[in-house]
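Below is one structure, written out as structure tokens; comments come after it.
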Amino acid sequence: MPTLTIHRGTHQIGGCCTELALGASRVLIDFGANLPGADAPMGDAALVEKVLQGGPVSAVLFTHAHGDHYGLFRSLPPDTPMYIGPLARELLGILMPYIDRGAAVRGAPLVERMRTFRPGRFFSPAPGLRVLPLYTDHSAPDSCMFYIVMGGKSILFTGDFRDHGAVGQRGRLERVLQKYAPAPVDLLVTEGTMLSRVQRRENGLVPSEQALREAAERLFRRHMYNFVLVSSTNLDSVMSFYHAAPPGRHFVCDLYQARLMITAMGGMEARGRFPAYRPSRRHPVVRVLGTPDRRWAELREIGRTMGHPLYFRSVTDEELARDGFVLLARKNTHPEQYTSRFEELRDRFYPLDGQIIYSLWSGYLEPEHADPALLDFIGGRPIERLHTSGHACPEAIARLIEMVQPKTIVPMHTERAEKFAAHPALAPYAGRVRVLQDGEPLPL
């Protein structure tokens with residue numbers, strides 16, 4: 001009999017790991033590290049020990065390239081088959097040299113060996129298990145849900161998803177599910193992050209990426225020098241800030257962020273019509289901090305081949321002072337060792353006519369989950385909060401349930417599993433909800 005076991009994630013956000021077992025096959029969906037500062041009941045080392053003591057792992061499927069979903073992959077036996085989307089693997093290839101610094105096991109060679117799947121096409125990672133990746137909307141490009149058939153049962157595993165970003169516009173999720181995941185499904189395993197992180201506006205909905213872009217355009221016009229604190233892998237929002245930069249102002253980032261941007265733009269252009277990932281006609285040049293070297297050739301090669309070419313050039317402090325800028329800034333994780341270029345620019349330009357845009361989870365500014373490096377960069381200066389979640393609001397989850405008509409619903413990636421059906425949008429489905437505990441097997 002097939003079984004599903006959520007080893008970690010039934011009552012926490014991030015650090016996810018789910019197992020599907022059928023006969024001798026054990027397939028993991030995600031193998032994530034705990035989020036920084038998370039008060040998780042199970043540490044990363046304990047999860048690794050628990051999973052590996054259960055026997056050989058047939059394969060691991062990663063929903064997307066966020067560390068709370070892939071972060072423990074170095075702990076797997078090196079011959080374990082791992083599967084991820086092709087663009088997500090490219091982005092991980094850029095991230096790994098930075099993440100590998102000081103790591104006992106280098107992740108870059110393991111990423112190179114990852115196998116890729118193609119959304120909309122079934123593949124079989126283990127006997128008796130068929131998996132159909134479905135491209136979905138999330139703050140990380142190349143995120144996927146999995147429609148799974150095993151032991152005669154159908155499962156829709158959402159991973160992290162939403163419907164208010166670049167990929168979720170114009171009812172795309174509904175069209176994809178109607179085509180590839182026929183209702184009813186036997187089991188829906190859905191994230192519920194926003195049940196405890198509700199961000200509201202006047203109409204009660206989570207702001208869309210389009211709304212974020214429009215708000216950023218207004219904010220950027222007020223000041224010459226704009227410092228934007230945003231996750232480097234939250235590329236939907238990165239692209240929103242790029243397109244929002246006023247004409248005549250420089251859009252500026254470092255080489256690392258430029259490589260992530262152009263890789264995502266090239267990969268999304270190959271996927272279809274996603275205007276948010278196209279080069280801006282009013283900003284055909286991205287200004288990159290630092291001195292050009294051989295690594296810039298990759299940027300220029302991809303930029304030249306795009307539908308509307310995108311160029312990368314260095315920038316001087318004189319140009320920044322004269323024209324103003326929108327700068328993707330980053331915290332300094334070792335302030336006691338050096339002063340970062342971002343801090344130098346902040347100290348020079350913020351007092352003149354600067355502002356800091358904060359586009360991260362608000363919890364990093366609060367005592368319980370405080371990020372000291374972020375707080376140090378802000379340094380008590382006023383901030384403008386401009387952020388939208390990478391996760392589905394309860395109303396979006398309700399729409400998903402209505403589309404696939406699951407017989408059983410298992411919430412995860414949430415701190416409020418027991419309260420899942422207490423939200424008015426989800427209350428009609430209370431009789432189908434099954435709340436699991438970490439490590440509790442669910443026979444299918």
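The values are calculated or read from the model by the stated rules, or taken from the named source; none is laboratory data. These numbers were taken from a predicted model, which means no experiment stands behind them. Neighbour counts run over all protein chains shown; Cβ positions are idealised from the backbone, glycine included. Just the protein is used for accessible areas: all its heavy atoms, side chains included, with ligands, DNA and RNA removed. Shrake-Rupley method; radii C 1.70, N 1.55, O 1.52, S 1.80 Å.
Tabulated results
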{"quantity": "Qualifying residues in segment 78-101 (those that are of a type in the set (A, V, I, L, M) and out of contact with any Asp or Glu (no Cβ under 7 Å at 6 or more places or on another chain)) - the one nearest to Tyr135 (Cα to Cα)", "calculated": "Ile84"}
{"quantity": "Some residue of segment 65-83 being in contact (Cβ under 8 Å) with a residue 24 or more places away in the chain, of a type in the set (Phe, Trp, Tyr) and part of a helix (DSSP H, G or I)", "calculated": "yes"}
{"quantity": "Test for Ser237: is it open to solvent by less than 30 Å² (accessible area, probe 1.4 Å), touching a Leu at 6+ places or on another chain (Cβ under 8 Å), at pLDDT 90 or above and in a helix (DSSP H, G or I)", "calculated": "yes"}
{"quantity": "Qualifying residue in segment 205-221 (condition: assigned to a helix (DSSP H, G or I), over 30 Å from Asp347 (Cα atoms), of a type outside the set (Asp, Glu) and modelled with pLDDT under 90)", "calculated": "no"}
{"quantity": "Given (1) closer than 17 Å to Phe251 by Cβ; (2) in contact with a Leu (Cβ under 6 Å, 6 or more places away or on another chain); (3) assigned to a loop (DSSP other than H, G, I, E, B), number of the condition Phe312 does not satisfy", "calculated": "(3)"}
{"quantity": "Breaking point among (1) in contact with a helix residue (DSSP H, G or I) (Cβ under 9 Å, 6 or more places away or on another chain); (2) open to solvent by 50 Å² or more (accessible area, probe 1.4 Å); (3) charged (D, E, K, R), for Glu366", "calculated": "(1)"}
{"quantity": "Criterion (within 30 Å of Glu368 (Cα to Cα), outside any loop (DSSP other than H, G, I, E, B) and either polar (S, T, N, Q) or open to solvent by 40 Å² or more (accessible area, probe 1.4 Å) (or both)) met by exactly one of Ala104, Ala46", "calculated": "Ala46"}
{"quantity": "Test set (1) surrounded by 15 or more Cβ atoms within 10 Å (Cβ to Cβ); (2) closer than 20 Å to Leu219 by Cα - Asn332 fails condition number", "calculated": "(2)"}
{"quantity": "Unmet requirement for Ser124, which otherwise passes all of (1) in a strand (DSSP E or B); (2) under 22 Å from Pro411 (Cβ atoms)", "calculated": "(2)"}
{"quantity": "Among residues of segment 292-310, those that are closer than 18 Å to Pro247 by Cβ and surrounded by 14 or more Cβ atoms within 10 Å (Cβ to Cβ), counted", "calculated": "1"}
{"quantity": "Matching strands (runs of 3 or more DSSP E) fully within segment 348-436 where at least 1 residues are over 23 Å from Thr233 (Cβ atoms) and touching a residue at least 12 places away in the same chain (Cβ under 8 Å)", "calculated": "354-359, 408-412"}
{"quantity": "Segment 49-58, residues that are part of a helix (DSSP H, G or I) and without any contact (Cβ under 8 Å) to a residue 60 or more places away in the chain", "calculated": "Glu49, Val51, Leu52, Gln53"}
{"quantity": "Odd one out for Leu327, checked against (1) assigned to a strand (DSSP E or B); (2) of a type in the set (A, V, I, L, M, F, W, C); (3) exposed (fewer than 15 other Cβ atoms within 10 Å of the Cβ)", "calculated": "(3)"}
